[in-house]
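Just below is one structure, and these are the notes that go with it.
Just so it is clear, none of the values below were taken in a lab; they were calculated from the coordinates. This is a predicted model, so every value here is computed, not measured. When we count neighbours, we look across all protein chains shown, and the Cβ atoms used for this are built from the backbone with ideal geometry, even at glycine.
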Amino acid sequence: MNKFIVSARKYRPLQFEDVVGQGHITQTLKNAIKQEKLAHAFLFCGPRGVGKTTAARILAQTINCQNILPNVEPCGQCEPCVSFQKNHSMNIIELDAASNNSVDNIRNLIEQVRVPPGDGKYKLYIIDEVHMLSQSAFNAFLKTLEEPPSYAIFILATTEKHKILPTILSRCQIYDFKRIQIADIVSHLEKICNSEGLSFEVEALNTIAVKADGALRDALSIFDRIVSFADGNLTYEAVISQLNILDHDYYFQVIDQLILGDLAATYILFDTIVQRGFDPHVFLMGLQEHLRQLLMIQLNSTSSLVEVGPELKAKYEAQAQVAPRDFVLTLLDLANACDVDYRHAQNQRLHVEVCLMKMAYFNNKHSLQTEQSDGVEVKKKLNPVS
């Protein structure tokens, strides 16, 4: 049996151009290397799984590369590059601050900093999860970080910049990594599928990207799981089944029934969803997201915020033309109010059903009020007592 390597490791970028969704940072770093204007301390911060440590490793390798390519990428063939790739480089030291957060660990690091590199121009120190350092460790690190030897460069990475002392922040060149866009994640997953010879549906990859919430590492972990489950055939049905996600079609049916004011059909469909094992709150959250997508399309200029595949987007556009905007806004408001009070409800299923009842009633009432008649009959319907 061949040793399996997870996609997050197998396809970890080795060059700046391969880093997904962080072009604003990689281009700045390449320019700094090209112009020989390197800071003595970098701080990479941002959400998990967006490429902070990967970018730090590529930066360290490129700085020490003996034959930097014209496009400012490491050659991958010189002795420093090869030794780094084999994890025995003496000039690039990685430290996990989550498990080495004491003042003694930092003192040992400072002692290492005093020793110049045996070969090459720089010694680089990558400190991951730097916010985990203790207060005393931060204080011990301050002087060295402010005035390191000319050959020492520190690259710090963190998911929680607010926990780092301002005195540390002021000594670093700060780079803010952003959440990776769904389109970028889908494009990367497509490349992996093509490389691995896997068949896939674009909507399946898009669902994985949405579930990952901007973290490429999470997307790759989900991707590996789906590949195993689907036996190499990534279909939309396989993805929603494995991730226990409600099919979009349910929400399109719910909105169609609410437009018609068919409360009975809405309740039957809601019961079907619950019987399939989905929590009412999961349905409610999905309904809010569906209504948001409809509203974004109706506003025209915000349709680009609907990050879904072309086929699904066409369905949203078709339903957005049928559903009046005031109807969508009211339903979104009702769903949000239901969500706010959901955890306090004694009977949570009934709580959602009452919300659906209000949604169906709104459209019936609106139709009644706008009915074209001689006025008298409408008044009687609205005020049957008079």
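Residues of segment 26-52 falling in the label zone of E196, defined by backbone nitrogen less than 20 Å from a point 7 Å along Cα to beta-carbon, are 49-51. Mind counting lysine pairs for me in segment 124-257? Cα separation below 23 Å, and the two need to be 8 or more apart along the chain or on different chains. Close lysine pairs found across segment 124-257: 7.
Panel values: segment 7-176, Kirkwood radius from alpha carbon pairs, Stokes-Einstein at 25 °C and 0.890 mPa s, translational diffusion coefficient 151 µm²/s. Taking the Cα centre of segment 182-242 as origin and assigning +1 to Lys and Arg Cβ atoms and -1 to Asp and Glu Cβ atoms, the resulting dipole is close to 140 debye.
Helix 23-34 and the longest principal axis of the C-alpha atoms of the chain enclose an angle of approximately 20°. Can you work out D for the chain in µm² s⁻¹ from Stokes-Einstein, where Rh is the Kirkwood radius over C-alpha pairs, the temperature is 4 °C and the viscosity is 1.567 mPa s? For the chosen part, D equals 52 µm²/s. Candidates N206, C355, P74 compared by Cα position along the dipole of the chain: farthest toward the positive end lies P74, with charges placed on Cβ.
When the alpha carbon gyration tensor of segment 132-256 is reduced to an equivalent ellipsoid, its three semi-axes come out at 43, 18, 12 angstrom, largest first. Scaled against the 2.2 N^0.38 Å expected of a compact globular protein of N residues, the Cα radius of gyration of segment 1-65 reads 1.25. With a simple spin-label model that places each label point 7 Å from the Cα along the Cα-to-Cβ direction, the separation between A98 and T28 comes to 2.5 nm.
Taking every alpha-carbon pair under 8 Å whose residues sit at least 6 apart, the chain reaches a relative contact order of 15 percent.
Under Stokes-Einstein, with the Kirkwood radius over Cα pairs standing in for Rh, what whole-number D in µm²/s applies to segment 248-370 at 25 °C and 0.890 mPa s? This corresponds to a translational diffusion coefficient of 166 µm²/s.
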